[in-house]
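The values are calculated or read from the model by the stated rules, or taken from the named source; none is laboratory data. Since this is a predicted model, take the numbers as computed values, not measurements. Positions of Cβ are generated from backbone atoms using ideal geometry, with glycine treated the same way; all protein chains shown enter the neighbour counts. Keep in mind that these areas ignore ligands, DNA and RNA; they rest on the heavy atoms of the full protein, side chains included. Shrake-Rupley method; radii C 1.70, N 1.55, O 1.52, S 1.80 Å.
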Amino acid sequence: VGLGAISVIMVTAWREARLRVRAQTRAAGTEAYNRGLIEGSLDAMLLVTPDSVIADVNEAACRMAGASREELAGSRFPDWFTNRAQAAAGLALAFEQGTVAGYELALHPREGPDVLVSFNAAVHRDPLTGEVKGIIATARDVTEARRLERSLADQQAYTRGLIEASIDALATI
């Protein structure tokens with residue numbers, strides 16, 4: 001093999017290596033960007049496999065559950081809820097319909113009171129094969145919102161009761 005051929009081989013190998021490094025750098029940047037979007041969410045975010053195993057979570061999910069990422073990942077999704085059957089039914093609904101929205105569940109964190117959450121999920125498919133990989137789900141704490149709704153309903157019922165109990169005629173103009 002002549003010196004010219006060796007030079008061509010070396011230049012080609014150098015170009016391939018440079019292209020590989022560029023591709024890896026782009027992929028790492030994309031991965032970091034995507035992880036930043038997930039971690040930036042104030043809602044708990046989870047990736048759940050078709051067999052109900054939690055594959056990944058964001059930091060908000062860890063805080064809400066009072067557990068580490070290592071404790072959550074690999075555990076069964078329904079096990080984190082007061083009513084496991086209801087949680088399993090919510091997952092099944094998401095897989096059957098492709099999405100689920102506003103499905104309320106009571107999360108049972110490691111410590112503290114249960115947290116009422118609005119569970120929203122969509123099926124995640126492999127972009128090349130279309131195979132269902134799992135669901136991407138969010139859980140938003142709606143405990144305070146539901147408490148305020150109950151309080152408002154109680155106040156409205158009390159006010160209505162006062163009006164109905166009045167012996168005097170009342171009119172609104």
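List of remarks:
- Count - residues of segment 147-173 that are acidic (Asp, Glu) and either touching a residue at least 40 places away in the same chain (Cβ under 8 Å) or surrounded by 10 or more Cβ atoms within 10 Å (Cβ to Cβ) (or both): 2
- Scope segment 125-146; condition in contact (Cβ under 8 Å) with a residue 40 or more places away in the chain and either on the phi > 0 side of the Ramachandran plot or exposed (fewer than 10 other Cβ atoms within 10 Å of the Cβ) (or both); matching residues: GLY134
- The set of residues in segment 1-30 that are at pLDDT 75 or above and outside any helix (DSSP H, G or I) is empty.
- Filtered residues of segment 47-74 (kept if within 15 Å of the chain's Cα centre (by Cα), over 18 Å from HIS124 (Cβ atoms) and of a type outside the set (Lys, Arg)): GLU59, ALA60, CYS62, MET64, ALA65
- Wholly enclosed helices (runs of 4 or more DSSP H) of segment 31-109 bearing at least 2 residues open to solvent by 20 Å² or more (accessible area, probe 1.4 Å) and within 21 Å of ARG146 (Cβ to Cβ): 59-65, 84-97
- Any chance GLY66 is at pLDDT below 85 and not polar (S, T, N, Q): no
- Residue in segment 136-159 that is among the aromatic types (Phe, Trp, Tyr), within 20 Å of the chain's Cα centre (by Cα) and either outside any helix (DSSP H, G or I) or at pLDDT below 95 (or both) present: no
- Residue within segment 117-132 that is closer than 21 Å to SER68 by Cα and part of a loop (DSSP other than H, G, I, E, B) present: no
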